[in-house]
Amino acid sequence: MRATIPVKPALISTPKKIVLWMWKSPVGIYARKILNTFRPTANILRKLQVRQREKDALIWANETHYKTAFYSVIHPEEMILVDYVCSHVQKNASILDICCNQGRFLLELRRRGFSKLYGFDIMDQAIQTLRQSEDYNPDLIHVEHCLAQDYFLDKADNAFDWAITYTATIELIHPEFDIFKALERTVRKGMILVINENGHAYPRFYRLLHRLHGFRIVSTRKEGEITMIHSVKITQN
(Lines give C-alpha, C1' and ligand atoms only; values in the text may rest on other atoms or scores of the structure.)
Protein backbone atom coordinates (compact mmCIF):
# COMPACT_ATOMS: atom_id res chain seq x y z
CA MET A 1 0.00 0.00 0.00
CA ARG A 2 1.34 3.39 -0.94
CA ALA A 3 1.88 5.76 1.87
CA THR A 4 -0.39 8.78 1.92
CA ILE A 5 1.52 12.01 1.89
CA PRO A 6 -0.04 14.37 4.43
CA VAL A 7 -1.10 17.73 3.07
CA LYS A 8 0.15 20.63 5.11
CA PRO A 9 -2.63 22.95 6.38
CA ALA A 10 -0.70 25.91 4.98
CA LEU A 11 -0.98 24.44 1.47
CA ILE A 12 -4.73 24.00 1.81
CA SER A 13 -5.27 27.62 2.75
CA THR A 14 -2.92 29.05 0.14
CA PRO A 15 -5.58 29.57 -2.60
CA LYS A 16 -7.83 31.33 -0.11
CA LYS A 17 -4.97 33.54 0.99
CA ILE A 18 -4.18 34.43 -2.62
CA VAL A 19 -7.80 35.34 -3.32
CA LEU A 20 -7.97 37.42 -0.16
CA TRP A 21 -4.73 39.19 -1.03
CA MET A 22 -5.98 39.97 -4.55
CA TRP A 23 -9.31 41.17 -3.10
CA LYS A 24 -7.55 43.70 -0.87
CA SER A 25 -4.70 44.59 -3.23
CA PRO A 26 -4.71 47.97 -5.04
CA VAL A 27 -5.56 46.20 -8.30
CA GLY A 28 -8.38 44.26 -6.66
CA ILE A 29 -9.82 47.37 -5.03
CA TYR A 30 -9.67 49.25 -8.32
CA ALA A 31 -11.47 46.42 -10.13
CA ARG A 32 -14.14 46.28 -7.43
CA LYS A 33 -14.59 50.04 -7.66
CA ILE A 34 -15.30 49.72 -11.38
CA LEU A 35 -17.90 47.01 -10.80
CA ASN A 36 -19.55 48.76 -7.85
CA THR A 37 -19.60 52.20 -9.48
CA PHE A 38 -20.84 51.35 -12.96
CA ARG A 39 -22.87 48.28 -11.90
CA PRO A 40 -22.60 46.33 -15.19
CA THR A 41 -24.33 43.29 -13.71
CA ALA A 42 -27.09 45.15 -11.85
CA ASN A 43 -29.81 43.97 -14.25
CA ILE A 44 -28.32 40.67 -15.44
CA LEU A 45 -27.75 39.30 -11.95
CA ARG A 46 -30.57 41.14 -10.17
CA LYS A 47 -32.08 38.06 -8.48
CA LEU A 48 -28.71 36.88 -7.22
CA GLN A 49 -27.87 40.37 -6.03
CA VAL A 50 -31.15 40.68 -4.15
CA ARG A 51 -30.23 37.56 -2.22
CA GLN A 52 -26.81 39.04 -1.45
CA ARG A 53 -28.44 42.31 -0.43
CA GLU A 54 -30.64 40.45 2.03
CA LYS A 55 -27.63 38.53 3.32
CA ASP A 56 -25.73 41.79 3.83
CA ALA A 57 -28.67 43.29 5.70
CA LEU A 58 -29.17 40.30 8.00
CA ILE A 59 -25.68 40.79 9.42
CA TRP A 60 -26.83 44.17 10.74
CA ALA A 61 -30.47 43.30 11.47
CA ASN A 62 -29.79 42.30 15.07
CA GLU A 63 -26.99 42.31 17.62
CA THR A 64 -25.60 38.87 16.81
CA HIS A 65 -22.56 40.32 15.04
CA TYR A 66 -22.53 44.00 16.03
CA LYS A 67 -23.67 45.50 19.33
CA THR A 68 -25.56 48.77 19.51
CA ALA A 69 -23.44 49.78 22.51
CA PHE A 70 -20.50 50.35 20.18
CA TYR A 71 -22.50 53.11 18.49
CA SER A 72 -23.90 54.66 21.67
CA VAL A 73 -21.43 57.54 21.92
CA ILE A 74 -19.56 59.76 19.52
CA HIS A 75 -15.87 59.06 19.77
CA PRO A 76 -13.47 62.03 19.61
CA GLU A 77 -12.36 61.24 16.06
CA GLU A 78 -16.01 61.09 14.96
CA MET A 79 -16.81 64.58 16.20
CA ILE A 80 -15.37 65.88 12.93
CA LEU A 81 -18.74 65.20 11.30
CA VAL A 82 -20.86 66.99 13.89
CA ASP A 83 -18.56 70.01 14.10
CA TYR A 84 -18.45 70.34 10.32
CA VAL A 85 -22.23 70.08 9.97
CA CYS A 86 -22.72 72.73 12.64
CA SER A 87 -20.31 75.04 10.81
CA HIS A 88 -21.79 74.62 7.32
CA VAL A 89 -25.50 73.83 7.70
CA GLN A 90 -28.24 76.15 8.93
CA LYS A 91 -30.11 75.05 12.06
CA ASN A 92 -33.48 75.05 10.28
CA ALA A 93 -32.30 72.70 7.51
CA SER A 94 -33.62 69.16 7.27
CA ILE A 95 -30.88 66.52 7.63
CA LEU A 96 -30.95 62.82 6.81
CA ASP A 97 -28.49 60.54 8.61
CA ILE A 98 -27.94 57.52 6.36
CA CYS A 99 -27.89 54.27 8.38
CA CYS A 100 -28.04 56.15 11.68
CA ASN A 101 -27.90 53.10 13.99
CA GLN A 102 -29.02 54.38 17.41
CA GLY A 103 -28.76 57.97 16.30
CA ARG A 104 -25.73 59.28 18.14
CA PHE A 105 -25.22 61.97 15.50
CA LEU A 106 -28.91 62.85 15.35
CA LEU A 107 -29.07 63.26 19.13
CA GLU A 108 -25.98 65.45 19.19
CA LEU A 109 -27.32 67.64 16.39
CA ARG A 110 -30.59 67.88 18.31
CA ARG A 111 -28.66 69.10 21.38
CA ARG A 112 -26.98 71.71 19.21
CA GLY A 113 -30.23 73.19 18.01
CA PHE A 114 -31.20 71.30 14.86
CA SER A 115 -34.88 70.41 14.71
CA LYS A 116 -35.56 68.66 11.39
CA LEU A 117 -33.67 65.40 11.71
CA TYR A 118 -34.27 62.11 9.91
CA GLY A 119 -32.67 58.69 9.91
CA PHE A 120 -33.11 54.99 9.23
CA ASP A 121 -31.36 51.76 10.06
CA ILE A 122 -31.85 48.02 9.50
CA MET A 123 -31.07 47.18 13.15
CA ASP A 124 -34.36 47.24 15.04
CA GLN A 125 -32.71 47.26 18.47
CA ALA A 126 -30.73 50.34 17.52
CA ILE A 127 -33.85 52.26 16.50
CA GLN A 128 -35.64 51.16 19.68
CA THR A 129 -32.67 52.32 21.76
CA LEU A 130 -32.80 55.72 20.05
CA ARG A 131 -36.51 56.09 20.72
CA GLN A 132 -35.97 55.30 24.40
CA SER A 133 -33.28 57.97 24.81
CA GLU A 134 -34.06 60.86 27.14
CA ASP A 135 -33.00 63.27 24.40
CA TYR A 136 -35.24 61.74 21.76
CA ASN A 137 -38.14 63.91 20.60
CA PRO A 138 -40.37 62.37 17.90
CA ASP A 139 -41.40 65.83 16.76
CA LEU A 140 -37.78 66.71 15.97
CA ILE A 141 -36.17 63.35 15.16
CA HIS A 142 -37.96 61.08 12.69
CA VAL A 143 -36.50 57.60 12.33
CA GLU A 144 -37.52 54.36 10.67
CA HIS A 145 -36.46 50.73 10.99
CA CYS A 146 -35.92 49.55 7.42
CA LEU A 147 -33.48 48.87 4.59
CA ALA A 148 -32.04 51.77 2.65
CA GLN A 149 -33.71 50.30 -0.43
CA ASP A 150 -37.12 50.57 1.24
CA TYR A 151 -36.63 53.89 3.01
CA PHE A 152 -36.43 55.97 -0.16
CA LEU A 153 -39.46 54.40 -1.85
CA ASP A 154 -42.03 56.77 -0.34
CA LYS A 155 -39.82 59.84 0.06
CA ALA A 156 -40.68 62.86 -2.07
CA ASP A 157 -38.27 64.58 -4.41
CA ASN A 158 -36.05 67.04 -2.48
CA ALA A 159 -37.38 65.66 0.80
CA PHE A 160 -34.17 66.58 2.66
CA ASP A 161 -31.88 69.57 2.50
CA TRP A 162 -28.79 67.60 3.46
CA ALA A 163 -27.62 64.00 3.80
CA ILE A 164 -24.86 62.96 6.17
CA THR A 165 -23.20 59.71 7.15
CA TYR A 166 -20.23 58.36 9.03
CA THR A 167 -18.28 55.50 7.50
CA ALA A 168 -19.35 51.82 7.39
CA THR A 169 -22.76 52.76 5.99
CA ILE A 170 -22.85 53.52 2.26
CA GLU A 171 -19.76 51.35 1.79
CA LEU A 172 -21.77 48.33 2.99
CA ILE A 173 -24.85 48.89 0.81
CA HIS A 174 -24.93 46.42 -2.08
CA PRO A 175 -24.50 48.15 -5.49
CA GLU A 176 -27.70 46.44 -6.67
CA PHE A 177 -29.33 49.45 -5.01
CA ASP A 178 -28.19 52.70 -6.58
CA ILE A 179 -27.88 54.73 -3.37
CA PHE A 180 -26.49 57.79 -5.13
CA LYS A 181 -29.43 57.90 -7.53
CA ALA A 182 -31.77 57.88 -4.54
CA LEU A 183 -29.79 60.68 -2.91
CA GLU A 184 -29.80 62.70 -6.13
CA ARG A 185 -33.60 62.58 -6.14
CA THR A 186 -34.26 63.23 -2.45
CA VAL A 187 -31.47 65.63 -1.39
CA ARG A 188 -31.95 69.30 -2.27
CA LYS A 189 -28.84 71.17 -1.09
CA GLY A 190 -25.89 68.85 -0.54
CA MET A 191 -24.15 66.07 1.35
CA ILE A 192 -21.45 65.71 3.98
CA LEU A 193 -20.25 62.12 3.83
CA VAL A 194 -17.44 60.60 5.86
CA ILE A 195 -16.48 57.43 4.03
CA ASN A 196 -13.69 54.92 3.57
CA GLU A 197 -13.02 55.24 -0.14
CA ASN A 198 -11.05 51.98 -0.39
CA GLY A 199 -12.51 49.92 2.42
CA HIS A 200 -15.45 47.74 3.43
CA ALA A 201 -17.44 45.44 1.17
CA TYR A 202 -18.27 47.70 -1.76
CA PRO A 203 -15.66 50.38 -2.51
CA ARG A 204 -16.67 52.81 -5.25
CA PHE A 205 -15.38 55.87 -7.06
CA TYR A 206 -17.27 58.06 -4.62
CA ARG A 207 -16.05 61.38 -5.94
CA LEU A 208 -17.05 60.43 -9.47
CA LEU A 209 -20.46 59.31 -8.23
CA HIS A 210 -21.02 62.71 -6.65
CA ARG A 211 -20.39 64.38 -10.01
CA LEU A 212 -22.41 61.89 -12.04
CA HIS A 213 -25.43 62.51 -9.83
CA GLY A 214 -25.42 66.28 -9.83
CA PHE A 215 -23.27 67.15 -6.83
CA ARG A 216 -20.26 69.42 -6.96
CA ILE A 217 -17.53 68.66 -4.41
CA VAL A 218 -16.52 71.81 -2.57
CA SER A 219 -14.06 70.30 -0.11
CA THR A 220 -12.46 67.05 1.01
CA ARG A 221 -10.63 66.23 4.20
CA LYS A 222 -8.69 63.03 4.75
CA GLU A 223 -8.17 61.60 8.22
CA GLY A 224 -6.26 58.32 8.11
CA GLU A 225 -8.29 55.83 6.08
CA ILE A 226 -11.45 57.94 5.96
CA THR A 227 -12.32 60.99 3.89
CA MET A 228 -14.95 63.63 4.51
CA ILE A 229 -16.51 64.83 1.26
CA HIS A 230 -18.63 67.99 1.31
CA SER A 231 -20.68 68.50 -1.84
CA VAL A 232 -23.49 70.78 -2.98
CA LYS A 233 -26.29 70.15 -5.44
CA ILE A 234 -25.51 71.80 -8.75
CA THR A 235 -29.18 72.60 -9.42
CA GLN A 236 -31.16 73.33 -6.28
CA ASN A 237 -34.96 73.41 -6.43
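The values are calculated or read from the model by the stated rules, or taken from the named source; none is laboratory data. Worth saying up front: this structure is predicted, and the values here are computed from it rather than measured. In this analysis, Cβ positions are derived from the backbone assuming ideal geometry, glycine residues included, and neighbour counts consider all displayed protein chains.
A few remarks follow.
- Reported count of residues in segment 177-196, each being in contact (Cβ under 8 Å) with a residue 40 or more places away in the chain and of a type in the set (Gly, Ala, Ser), is 1.
- Residue in segment 90-104 that is assigned to a helix (DSSP H, G or I) and touching a residue at least 40 places away in the same chain (Cβ under 8 Å) present: no
- For segment 160-187, the set of residues classified as hydroxyl-bearing (Ser, Thr, Tyr) and part of a strand (DSSP E or B) consists of Thr165, Tyr166, listed by residue number.
- Filter result (farther than 25 Å from Cys86 by Cβ and either surrounded by 20 or more Cβ atoms within 10 Å (Cβ to Cβ) or of a type in the set (S, T, N, Q) (or both)) within segment 210-236: His213, Thr235
Quick grid of which residues meet (1) in contact (Cβ under 8 Å) with a residue 40 or more places away in the chain; (2) of a type in the set (A, V, I, L, M); (3) touching a helix residue (DSSP H, G or I) at 6+ places or on another chain (Cβ under 6 Å):
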site: Ile141; (1), (2), (3): no, yes, yes
site: Gln149; (1), (2), (3): yes, no, no
site: Phe152; (1), (2), (3): no, no, yes
site: Ala159; (1), (2), (3): yes, yes, yes
site: Trp162; (1), (2), (3): yes, no, no
site: Pro175; (1), (2), (3): yes, no, yes
site: Asn198; (1), (2), (3): yes, no, yes
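- Residue list for segment 127-159, restricted to those being assigned to a strand (DSSP E or B) and either among the small types (Gly, Ala, Ser) or closer than 14 Å to Leu106 by Cα (or both): Ile141, His142, Val143, Glu144
- Test: residue in segment 194-214 that is in contact with a His (Cβ under 6 Å, 6 or more places away or on another chain), under 30 Å from Leu20 (Cα atoms) and at pLDDT 95 or above: no
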